[in-house]
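The values are calculated or read from the model by the stated rules, or taken from the named source; none is laboratory data. Every value quoted in this text rests on a predicted model; they were computed, and no experiment measured them. Quick reminder, even Gly has a Cβ in these numbers, built from the backbone with ideal geometry, and neighbours come from all protein chains shown.
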Amino acid sequence: MRFTLDELDPQIGYKLMTATVTPRPIAWVTSLSAAGVVNAAPYSFFNVMGHKPPTVAIGVMADDKRGFKDTSRNIVAGGEFVVNLVPERLAGRMNITSMDAPSDVSELDCAGLTPLASARVAPPHIAEAPVSFECVSHTVLVTGPHQALVVGRVVEIRVADEFVLDANRGHIDTPALGLIARMHGRGWYARSQDTFQIDRPTYAEWQAAQTKLGEKV
Ligand SMILES: Cc1cc2nc3c(=O)[nH]c(=O)nc-3n(C[C@H](O)[C@H](O)[C@H](O)COP(=O)(O)O)c2cc1C
């Protein structure tokens, strides 16, 4: 079956993409309004885009009623934000912060979460989150009347001490973080425990393996 997206209701395209690009990591973004209200909201159109410089990207859709969401407005106005990562134990509270709260209400308060001062940017971390990336806005690309792509440069990373295995080598206890990811449909999530490992081959190794196979035949 083929789907030609410009002939379809955009909502079908949304469903096709979000049902197939899974699991998606969740950026739990904290930003600061001009009036000083700490905004928090989850975004699963998110990933790291490179490390030289350390770059993240977040896709923010416009809301039918509210227009561009507080997160994108705050980032455009203030140029800074924090990406907090979401462990399973905080899934319910993360979900609360996705509600359409008015701009003058802090979702952190609604969800019983604690703001923790950042080192390099004005918006605070979520203290309960195990990992937080302090980011400076690099570009906010308006990709259409209903969406913007926020590209941020990560300037500081906080990892809770208990998850740092070897600070000098940048080794983190990833399984212990217990992070969740967004799946298909509304309200479905994945845990990150069901993993497997494959060694990455070089071309020379692949060639050697082919030669060995040939010798056996
Ligand atoms: C797990 C999860 C992931 C979400 N991902 C996105 C996303 O990638 N882009 C988006 O525009 N909205 C996303 N949303 C919806 C926003 O969180 C929601 O619209 C929120 O009210 C925006 O808040 P703000 O106006 O404070 O920025 C997501 C919601 C949840 C629960």
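Side notes on the structure shown:
- Matching residues, segment 1-45, being surrounded by fewer than 12 Cβ atoms within 10 Å (Cβ to Cβ), among the β-branched types (Val, Ile, Thr) and in a helix (DSSP H, G or I): 20
- So residue 159, is it aliphatic (A, V, I, L, M) and more than 16 Å from the ligand (Cβ to nearest atom): yes
- Of the criteria (1) part of a helix (DSSP H, G or I); (2) over 24 Å from residue 161 (Cα atoms); (3) in contact with a strand residue (DSSP E or B) (Cβ under 6 Å, 6 or more places away or on another chain), which one residue 73 fails: (3)
- Counting the residues of segment 104-114 that are part of a loop (DSSP other than H, G, I, E, B) and under 16 Å from residue 69 (Cβ atoms) gives 3.
- For beta carbons closer than 6 Å, sequence separation of 6+ or different chains, a first residue in segment 147-174 that is touching a residue at least 12 places away in the same chain (Cβ under 8 Å) and a second that is surrounded by fewer than 16 Cβ atoms within 10 Å (Cβ to Cβ) and small (Gly, Ala, Ser), the qualifying pairs are 156/119; 163/176.
- Filtering segment 39-75 to residues that are among the aliphatic types (A, V, I, L, M) and more than 10 Å from the ligand (Cβ to nearest atom) leaves 48, 49, 56, 57.
- Residue, farthest from the ligand (Cβ to nearest atom), within segment 87-103, restricted to residues that are outside any helix (DSSP H, G or I) and either modelled with pLDDT of 95 or more or surrounded by 14 or more Cβ atoms within 10 Å (Cβ to Cβ) (or both): 87
- All of (1) within 8 Å of the ligand (Cβ to nearest atom); (2) farther than 22 Å from residue 163 by Cβ hold for residue 29 with one exception: (2).
- Inclusion of residue 187 among residues that are within 25 Å of residue 91 (Cβ to Cβ) and within 16 Å of the ligand (Cβ to nearest atom) is warranted.
- Residues being under 30 Å from residue 177 (Cβ atoms) and without any contact (Cβ under 8 Å) to a residue 12 or more places away in the chain - total across segment 1-19: 3
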